[in-house]
Amino acid sequence: MNRGARKEERETRMEKMNHHKKKGIGRVARKITFRSLLPLLLTPLLLLIPVSCGDTQSEFTPQRCYFVFENSTHNDATLASAMTPYSGVFTTVTHTMRGGARYFVFTSNQGTSSEKIFNSIDQKRTLKLGMNNGLIVGYGNLSDPPIFYAFDRECPNCYDDSRVPIRSFPLRTTSNGMAVCQTCQREYDMNNGGNIVKGDGGNKLTRYRASTTGPYGVLSVN
């Protein structure tokens, strides 16, 4: 092979090498560009994803509560009315001591009230009626099937269990399913998850997990 042919062959090889280098650089540039743009491309998509976990977690309070009541044994009509769907009744549950005996006290938003003495099973059970000896139970009337609610009786925007001495801010229930705080004047809709419907903004009613097996069945709140 003469000198001219070898020179031509070397030039051809150099052109091929340069071509491959440019091609490789282009690929790297494209990768870098795509990686740098990826966060910008994903951010609008993330903003469109609904944030539902927080709402679900805050639906029920982490506060401790424990109450089991067998109405098949006690046959309390005031509580039974609150455990009847579509009745519009919300019943406040407390307990008291009188003459050395303990009693459950039931007061409905329709003006009825009753008491039941603790039996031997009640005496042995753990009992914690919310944050300060008071629950409100009943069915909401804005859904089908209706939702059975158990709320704390204390106003969630006034009561502070870290205050010494502890001061109570019990809610008053109305015949149309509202819970009213006499101190801050807020009104809470018990038919709609305890949302504030009147007064300043703030926390909705403190809600516990609850279930009932029927008007004269078992009520469980925890």
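Of the residues that make up region 136-146, is at least one touching a residue at least 40 places away in the same chain (Cβ under 8 Å), of a type outside the set (S, T, N, Q) and closer than 21 Å to M97 by Cβ?
To start, the set of residues in region 136-146 that are touching a residue at least 40 places away in the same chain (Cβ under 8 Å) comprises 136-142, 145-146.
When the remaining residues are screened for being of a type outside the set (S, T, N, Q), the result is 136-140, 142, 145-146.
Now drop any that are not closer than 21 Å to M97 by Cβ, which leaves none.
Scanning region 136-146, I find no residue that is touching a residue at least 40 places away in the same chain (Cβ under 8 Å), of a type outside the set (S, T, N, Q) and closer than 21 Å to M97 by Cβ, so the answer is no.
Does T94 count as at pLDDT 90 or above and β-branched (V, I, T)?
Details: at pLDDT 90 or above: yes; β-branched (V, I, T): yes.
So T94 passes the test.
What are the residues in region 68-92 that are among the hydrophobic types (A, V, I, L, M, F, W, C), in a loop (DSSP other than H, G, I, E, B) and open to solvent by 10 Å² or more (accessible area, probe 1.4 Å), if any?
V89
Tell me whether region 199-206 contains one or more residues that are in contact with a Leu (Cβ under 7 Å, 6 or more places away or on another chain), assigned to a loop (DSSP other than H, G, I, E, B) and within 22 Å of F104 (Cβ to Cβ). It would help to see each step written out before you state the result.
To start, the set of residues in region 199-206 that are in contact with a Leu (Cβ under 7 Å, 6 or more places away or on another chain) comprises none.
The answer is no, given that none of the residues of region 199-206 is in contact with a Leu (Cβ under 7 Å, 6 or more places away or on another chain), assigned to a loop (DSSP other than H, G, I, E, B) and within 22 Å of F104 (Cβ to Cβ).
Can you pull out the residues in region 194-216 that are of a type outside the set (S, T, Y), out of contact with any Phe, Trp or Tyr (no Cβ under 8 Å at 6 or more places or on another chain) and more than 21 Å from K128 (Cβ to Cβ)? Full working, then the answer.
At the first step, the residues of region 194-216 found to be of a type outside the set (S, T, Y) are 194-205, 207, 209-210, 214-215.
If we keep only those that are out of contact with any Phe, Trp or Tyr (no Cβ under 8 Å at 6 or more places or on another chain) as well, we get 198-203, 214-215.
Across region 194-216, the qualifying residues are K198, G199, D200, G201, G202, G214, P215.
Identify, please: which residue in region 158-181 is of a type outside the set (D, E, K, R), without any contact (Cβ under 8 Å) to a residue 12 or more places away in the chain and more than 16 Å from T107 (Cα to Cα) and is, among those, least open to solvent (accessible area, probe 1.4 Å)?
Among residues in region 158-181 that are of a type outside the set (D, E, K, R), without any contact (Cβ under 8 Å) to a residue 12 or more places away in the chain and more than 16 Å from T107 (Cα to Cα), the one least open to solvent (accessible area, probe 1.4 Å) is S162.
Say we look at region 182-195 and pick out the residues that are in contact with a strand residue (DSSP E or B) (Cβ under 6 Å, 6 or more places away or on another chain) and over 25 Å from N222 (Cβ atoms); which of these is least open to solvent (accessible area, probe 1.4 Å)?
Once the filter is applied, the top-ranked residue is R186.
Pick out, from region 111-157, the strands (runs of 3 or more DSSP E) lying fully within it that include 2 or more residues that are crowded, with 17+ Cβ neighbours inside 10 Å and not polar (S, T, N, Q). I'd like the intermediate steps shown before the answer.
Details: elements: 113-117, 135-139, 148-152.
Qualifying strands (runs of 3 or more DSSP E): 135-139, 148-152.
So that you can scan it fast, the table gives a plain yes or no per residue for (1) at pLDDT 95 or above; (2) of a type in the set (D, E, K, R):
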residue	(1), (2)
S143	no, no
P146	yes, no
R153	yes, yes
N157	yes, no
V164	no, no
F169	yes, no
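The values are calculated or read from the model by the stated rules, or taken from the named source; none is laboratory data. Bear in mind that the values here come from a model prediction, so they are computed numbers and not experimental data. Glycine also receives a Cβ, built like all others from the backbone with ideal geometry; neighbour counts cover every protein chain displayed. To get the accessible areas, we keep the full protein, side chains included, count just its heavy atoms, and leave off ligands, DNA and RNA. Shrake-Rupley method; radii C 1.70, N 1.55, O 1.52, S 1.80 Å.
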